[in-house]
Each structure stands twice: as structure tokens, then as C-alpha cells.
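Nothing in this text is a laboratory measurement; each read-out follows from the coordinates by a stated rule. Predicted, not measured: the structure shown is a model, and the values here were computed from it. Cβ sites come from the backbone with ideal geometry, for glycine too, and all protein chains shown count toward neighbours.
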Amino acid sequence: DVKVTQSSRYLVKRTGEKVFLECVQDMDHENMFWYRQDPGLGLRLIYFSYDVKMKEKGDIPEGYSVSREKKERFSLILESASTNQTSMYLCASSSLAHPNSGANVLTFGAGSRLTVL
Amino acid sequence: QKEVEQDPGPLSVPEGAIVSLNCTYSNSAFQYFMWYRQYSRKGPELLMYTYSSGNKEDGRFTAQVDKSSKYISLFIRDSQPSDSATYLCAMSVGGGADGLTFGKGTHLIIQP
């Protein structure tokens with residue numbers, strides 16, 4: 001089974017701090033994604049990447065950046081954390097060549113719950 | 001009008017009941033439909049995947065797509081307490097992952 005590992009399950013940071021959220025997948029998937037999930041708002045796409053060193057903005061990229069230096073690793077960066085970035089962050093991956101289904105079949109990590117004070 | 005509508009619940013039913021979870025959508029171009037299950041404090045996991053209209057069955061789970069009504073359903077037979085989770089519908093126009101639109105999820109509780 002594909003495994004998507006998010007390095008930090010729970011983080012507490014202060015306003016203005018730089019935050020790194022790391023995600024690693026072990027099945028050679030081309031696509032990787034960062035979502036945030038908030039009560040009443042559901043899942044919202046922040047950034048995604050189709051290939052190494054490639055990134056595309058999702059629906060809510062403001063205040064975030066990403067890095068994909070290796071195929072298996074996709075990092076989400078909050079340059080200067082703010083309280084409205086308190087959320088559950090979910091990393092996901094998918095394959096362009098997923099058999100019998102499309103690249104829109106996502107495998108998610110367990111999530112990183114970030115609290116910004 | 002939101003693109004995908006899903007009742008947030010909570011929906012509480014007794015063990016053994018048949019559960020029906022639903023989503024409506026407005027974009028008639030959606031062709032790929034998925035259901036994800038999310039347990040508390042975990043990431044979503046894919047439960048069912050359907051292309052275009054029709055039914056798909058997998059054990060106790062049946063996914064149904066009615067494109068004419070822009071309505072999709074997930075049925076759970078012989079529901080178990082372990083089915084208690086949030087169920088998210090998701091859909092896309094093409095097979096690429098960038099266009100995936102999620103519902104906000106329905107919180108399901110199966111009472112022992």
C-alpha cells in the first residue's frame with residue numbers, strides 16, 4: 001500500500017514563526033498535494049506538484065509556499081505563521097498511471113494539526 | 001450555489017441499519033466520483049471510485065451515481081460501529097487530480 005508520511009502530527013507555533021511541514025511518499029507517485037481542512041469549510045487545496053521542482057497554486061495559496069526537490073518529498077512552508085493558519089494540514093499523493101482509475105485517486109497522510117498562538 | 005453539497009450531519013443510526021449518504025452537485029461535466037472515509041484525527045482514505053453513471057458494489061458498500069439528477073449516493077448495509085466516521089464525496093471533470101472538488105463531509109455515528 002502507498003504510504004504517505006507527515007513528519008509532525010501536532011505542532012504549536014507562535015505568530016510570525018517560520019513553519020515547515022514535511023511530507024514523504026514511498027510509492028514513486030508523480031503528484032503531491034497540500035490541503036488544509038477546517039470545520040465547516042472542508043478540504044481546500046493549497047498547492048500541488050506534478051513533478052520535481054514543479055508547483056502549481058491551488059485555491060488558497062496566499063501565505064504559503066512549497067518545495068519539491070525530490071520526487072518523494074513535498075514540503076509546505078509558512079513564511080510567517082498567523083493565527084488564521086491554525087488548521088489540520090493534509091498531504092496527499094497520486095499516480096498518473098493509477099490502474100483502473102484516474103490520477104484523481106488520492107492517498108492521504110494522517111495529517112498535521114498546527115496551532116498558531 | 002456551492003459546487004458540491006453534502007449534509008454535515010451528524011447522522012446517527014443503530015447498528016445493523018442501512019445507511020444512505022448523499023451529495024448533490026451543480027457541474028454537469030463531472031465524470032469521476034469518489035467516496036472517502038475519514039476517521040477522527042486521521043487522513044481520508046479512498047472507499048469507492050466510480051466513473052460516469054451507474055452502481056458499483058464492494059462488500060457492504062454500494063456507490064450510486066445519477067448524472068441526470070446530479071446526485072450521488074453511498075449505501076452501507078449492515079452498518080457496524082466501526083463505520084462511524086466522516087464520509088466525504090469528491091468529484092472531478094477529468095482524470096487529473098488538480099480538479100478534484102470535495103464535499104464538506106457527513107459525520108456518521110453507528111450506535112451499538
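Some points to look at:
- For chain A, the share of DSSP beta bridges that are antiparallel, to the nearest 5, is 90%.
- Across A:LYS53/B:LYS104; B:LYS70/B:LYS104; A:LYS55/B:LYS104, pairs whose alpha-carbon gap is larger than 20 Å: A:LYS53/B:LYS104; A:LYS55/B:LYS104
- Normalising by residue count, chain A has a Cα convex hull of 97 Å³ per residue.
- For A:LYS13, a cut-off of 20 angstrom between C-alpha atoms picks up these aspartates and glutamates, skipping any fewer than 8 places away in its own chain: A:GLU22, A:ASP38, A:GLU62, A:GLU79.
- Fewest-first ranking of B:THR101, A:THR115, B:THR62, using other Cβ atoms within 10 Å as the exposure measure: A:THR115, B:THR62, B:THR101
- Cα pair distances exceeding 16 angstrom across the range B:1-99, given as percent: 56
- Residue order, fewest to most beta carbons within 10 Å, for A:HIS29, B:HIS107: B:HIS107, A:HIS29
- When Rg and the Kirkwood radius Rh are both evaluated on Cα atoms of the range B:54-112, their ratio Rg/Rh stands at 1.01.
- By the rule of a C-alpha distance below 19 Å, with chain neighbours fewer than 8 residues away ignored, the lysines paired with B:LYS67 are B:LYS2, B:LYS56.
- Footprinting exposure proxy ranking of B:LEU47, A:LEU76, fewest other C-beta atoms within 10 angstrom first, gives B:LEU47, A:LEU76.
- Each residue of the range A:3-19 was assigned a 3J(HN,Hα) from its phi angle through the Karplus curve 6.51 cos²θ - 1.76 cosθ + 1.60 (θ = phi - 60°); the sequence is 10, 10, 10, 9, 5, 10, 7, 9, 9, 10, 10, 9, 3, x, 6, 8, 10 Hz, with glycine and proline shown as x.
- Over the protein assembly as shown, the alpha carbon radius of gyration divided by the compact-protein estimate 2.2 N^0.38 Å works out to 1.01.
- J(HN,Hα) series, the range B:84-90, from Karplus relation 6.51 cos²θ - 1.76 cosθ + 1.60, nearest Hz, glycine and proline x: 4, 5, 9, 10, 10, 8, 8
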